[in-house]
1. Kirkwood Rh over alpha-carbon pairs of region A:182-283, then Stokes-Einstein at 37 °C and 0.692 mPa s: what D in µm² s⁻¹, rounded to an integer?
2. If each DSSP helix of 4+ residues adds -39,500 (n - 2.57) and the sum is divided by the residues in chain B, what number results at 222 nm, nearest 500 deg cm²/dmol?
3. I want to check the label-to-label distance for residue A:119 and residue A:293. Put each point 7 Å from Cα in the C-beta direction and report it in nm to one decimal.
4. Write down the Å³ per residue value for the convex hull defined by the alpha carbon atoms of the protein assembly as shown.
5. Where the Cα atoms of region B:171-226 are projected onto their three principal axes, how long is each span, largest first, in whole Å?
6. Nearest 0.05, what FRET efficiency do residue A:111 and residue A:16 give at R0 = 60 Å with Cβ-Cβ as r?
7. Using the Kirkwood radius built from alpha carbon pairs, what does the Stokes-Einstein equation give as D for region A:2-43 at 20 °C and 1.002 mPa s, in µm² per second?
8. Classify region A:178-232 as rounded, prolate or oblate, taking a ≥ b ≥ c as the square roots of the eigenvalues of its Cα gyration tensor: rounded when a/c is under 1.5, otherwise prolate if a/b is larger than b/c and oblate if not.
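No value in this document is a laboratory result; all are computed from the given coordinates. Nothing here was measured: the structure is a model prediction, and the numbers come from that model. When we count neighbours, we look across all protein chains shown, and the Cβ atoms used for this are built from the backbone with ideal geometry, even at glycine.
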C-alpha cells in the first residue's frame, strides 16, 4: 500500500484512540469515586449523610449538611450579585455601546477569565475580607471577621462575571434586528424593547449562561477556600463562615487518613460535586442546543 | 446619464397637490459608512393610496423606506441630511421625538417577526406601551384588529397560545394587525410578501388594497407584477436617485426614462 495512505489511516486510528482514552479517564474517575465512596455508604445511609449537620470524623460522624449549605450559600450570593450585573452589562455592550468599546471590552473578559483563581483568592483576602469585616458587617450591626460566605460570594461573583457576560453577549447578538425594529416601529422606546422583547427572547440563553456559571461556582475551590473561613457549621447569616465542598476536599485530602472512613467520606464529597456539576452542565448544554436549533 | 428628476415636474405636482400629503421628503441625502446611498431625494407621497418603490437590488429602496420612520437611526455609520415631513412635522428636526413618529407608521417587514409572546399580547403590546391598561378596551382592540386582517376566525379560540405557533402567512397578518393596533396613519411594507406562499401573498395584497382608504401605504417591492397589481403610484429608484415617479400605468407602460424602460422590460434587474 502507498505510504501516504498508510499514514492517513494511521493518523485516523491514533486520533480515535486518543479520544477514547480521554473519554475513559472521565469514566474511570466516576468508577473510582463511586468505589471509594462505598465504605461510607455501607456505614450510613445516603439520606443521613446528606441531611445531618454534625461533622466529627474522629467520632465517626459524617454529616454533609454544613458543606452542602456552605456551597449553596456561597453560590447563591455570587449569583444574586453577578446575574443582574451581567445581564445589564451585556445589554449595554450589545445594544448601546459603540463598536470600539465592545471590541475592546470583550477580549478583556477573556483575560479576566484566564486569571488564575489563586489571584482572586489573594485579592479576596487583602480587599474583600477586610471590606466585609470592617465596612459591611458594622452597617448591619454585626461583629464579624470578614471571613464569611458573603466574602466567598463576592469573590465568586467577580470570577463568574466574565464567562457569563461572554455567553449572554453571544445570546443577545443572535436576536434578529428585525424583531427589535418591530417593537421600535410600534413606538416602543429602546428600554421597553429591551425589557419586553429582547430579554424575553433571550431568556433561555440567559438561563443557560446562569446554569453554566453555577457549575463554575460550585466547583471553584482555592479562591473561595481562602476567604470563606472554613468552619464546618451550617451558616446562619451571610456574615457566618462557611465550608464549601471543594474546600473540604482540598483542605483535608492526604491528612488524617488513619481515621476510619475519612477518605471514603472525602471521596463521597468529590462524587457529590461531580454529579452536581455534571448535571448542571448537562442542563445548560441542552438549553443551548435547543436554542441553536431554534435560531 | 439620465436627467435628475425633480418634484417640480407638472405630473408630480398634480399628484402632490391633491391634498396635503402625509409624507414629504425634501433634499434627503443618506450616507452609510461614507457611501452615498440616497441622493437628493425630493418626493411627496400621495395620501390614501399605495405607492410602490421599485428598483434593482441595492439601489436604496429599503433605505428610503426606513428613513421614513427613522429606523435607520439604529444602524451604525449612518448619516442623514435633509428633511422628511410627516403631517408637516420634520421628523429629522433636532427636537423631534422618535417614538411618536414611529407610532404613526406601521411597519411590515420582509419576514414576519412576531414578538415572543401570545397572539393576544402581540396585538396588545403597542396599545399597552402607549398607556392603555383597560383590559376590556385591549380585548376590543385585539378583536377588531384581528378581524381587520381576517385572522379572527382562525385564532379566536387560541389567543393565549404563542404567536410563533401560527403559519408564516398568519404571522404576517398578525404583524399587520399589531401595527394597525397603534392607530398609525401610514403603513410601510418592506417586501412584505417575499417570504410568503402565493395564497398568503394574495391575502396580504388584498388587505393592503382594502386598507388604503384609511391609510397612506408605501411598499418596497422587487416584484414588478406585484407593483402593477396593487399600487396606484410607482417610484423607480436607481443608484440612490429617483428616476421616475408617477401613476402606475404611466411608469410601467410608458416609462419616460431610458433606464426605467430597461428595468421594466427586464434588461436590468
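1. The estimated diffusion coefficient comes to 195 µm²/s.
2. Helix-only estimate at 222 nm: -10000 deg cm²/dmol.
3. For the pair residue A:119/residue A:293, the computed spacing is 4.1 nm.
4. Hull volume over Cα atoms, normalised by residue count, gives 257 Å³.
5. 28, 22, 17
6. For residue A:111 and residue A:16, the calculated efficiency is 0.95.
7. Details: Rh = 12.8 Å.
The estimated diffusion coefficient comes to 168 µm²/s.
8. Verdict is prolate for region A:178-232.
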